[in-house]
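Written below as C-alpha cells is the structure these notes are about.
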Amino acid sequence: MPVVAQEVDPLALERQVCFALAATNRAVLAVYRPLLEPLGLTHPQYLVMLALWDHHRGSNSGTPLSVKEIAGSLQLDSATLSPMLKRLEALGLITRTRSASDERATDVQLTKAGLNLRRKALKIPPAVIERLGVGLDELEHVHSVLTRINAAALAAGALEGERA
C-alpha cells in the first residue's frame with residue numbers, strides 16, 4: 001500500500017510564525033520580569049535604558065538623545081514612549097528637557113543614578129542565558145535570524161503610519 005502524504009494545513013496554529021514569535025515573546029519576557037524587578041524596571045523601560053546606555057558608551061556620551069531618536073531605535077512611536085520616559089524620570093534615572101535647537105523636541109539624558117544602574121543591569125544577560133538553558137551560539141543565531149526577519153518586515157512596509 002502506498003503511503004499518502006498528509007496535506008499540510010497552511011493555517012495550522014503550530015505552523016504560524018506569528019504564533020511562535022508571540023508565544024516566545026511572552027515566555028522570554030516572563031524570564032526577564034523577575035530579573036528586572038530588583039532594578040525597578042519593566043521590560044519596555046529596560047529597552048529604553050539599553051538605548052540610553054548604548055548612546056552614552058558611544059562617542060556621543062555628553063550629548064542627549066531626542067525622544068524621536070529613542071523611538072526610532074526601539075521602533076516605537078513617540079506617544080508610546082512618552083509615558084515610559086515620564087516614569088523613568090520619576091524614578092530619577094533620566095532627565096527630559098526641551099531641545100535648545102528645536103523647541104518642539106525633547107532631549108533625554110541619563111542621570112547619575114541612571115548611569116549607575118547599568119552596573120546592576122550587567123547581571124541580566126548572563127542570568128537570562130542561564131535561565132533559558134540555551135547556548136550563546138544558538139541565541140546569537142536566533143538573534144541574527146530575527147534581525148533579518150525584522151528588516152524584511154520593515155522593508156515590506158511594516159510599522160508605516162505607526163511612527164510619526
TODO: Write out, first by first residue and then by second, each pair whose Cβ atoms fall under 6 Å of each other, whose residues are 6+ apart or on separate chains, and whose first residue, in region 97-122, is in contact (Cβ under 8 Å) with a residue 40 or more places away in the chain while the second is of a type in the set (Gly, Ala, Ser) and open to solvent by less than 30 Å² (accessible area, probe 1.4 Å).
DONE: ASP107/SER66; ASP107/SER99
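Condition check ((1) farther than 19 Å from PRO38 by Cβ; (2) outside any loop (DSSP other than H, G, I, E, B); (3) open to solvent by 60 Å² or more (accessible area, probe 1.4 Å)) across all residues:
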{"site": "SER73", "(1), (2), (3)": "yes, yes, yes"}
{"site": "PRO83", "(1), (2), (3)": "yes, yes, yes"}
{"site": "LYS120", "(1), (2), (3)": "no, yes, yes"}
{"site": "PRO126", "(1), (2), (3)": "no, yes, yes"}
{"site": "HIS143", "(1), (2), (3)": "yes, yes, yes"}
{"site": "GLU160", "(1), (2), (3)": "yes, no, yes"}
Task: Boolean, GLY72 is more than 18 Å from ALA121 (Cα to Cα) and either under 16 Å from the mean Cα position of the chain (by Cα) or not hydroxyl-bearing (Ser, Thr, Tyr) (or both) - done: yes
Task: Unmet criterion (only one of (1) more than 29 Å from THR24 (Cβ to Cβ); (2) modelled with pLDDT of 95 or more) for ALA105 - done: (2)
- [ ] Report the residue count in region 104-118 for those that are surrounded by 12 or more Cβ atoms within 10 Å (Cβ to Cβ), in a helix (DSSP H, G or I) and either of a type in the set (A, V, I, L, M, F, W, C) or in contact with a helix residue (DSSP H, G or I) (Cβ under 6 Å, 6 or more places away or on another chain) (or both).
- [x] 3
Task: Total residues in region 41-76, condition without any contact (Cβ under 8 Å) to a residue 60 or more places away in the chain, within 17 Å of GLU89 (Cβ to Cβ) and small (Gly, Ala, Ser) - done: 2
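The values are calculated or read from the model by the stated rules, or taken from the named source; none is laboratory data. The shown structure was predicted, so the numbers you read here are calculated from the model rather than taken from an experiment. Ideal geometry is used to build each Cβ from the backbone, glycine not excepted, and the neighbour counts take in all protein chains shown. Areas reflect the complete protein model, heavy atoms only, side chains present, ligands, DNA and RNA absent. Shrake-Rupley method; radii C 1.70, N 1.55, O 1.52, S 1.80 Å.
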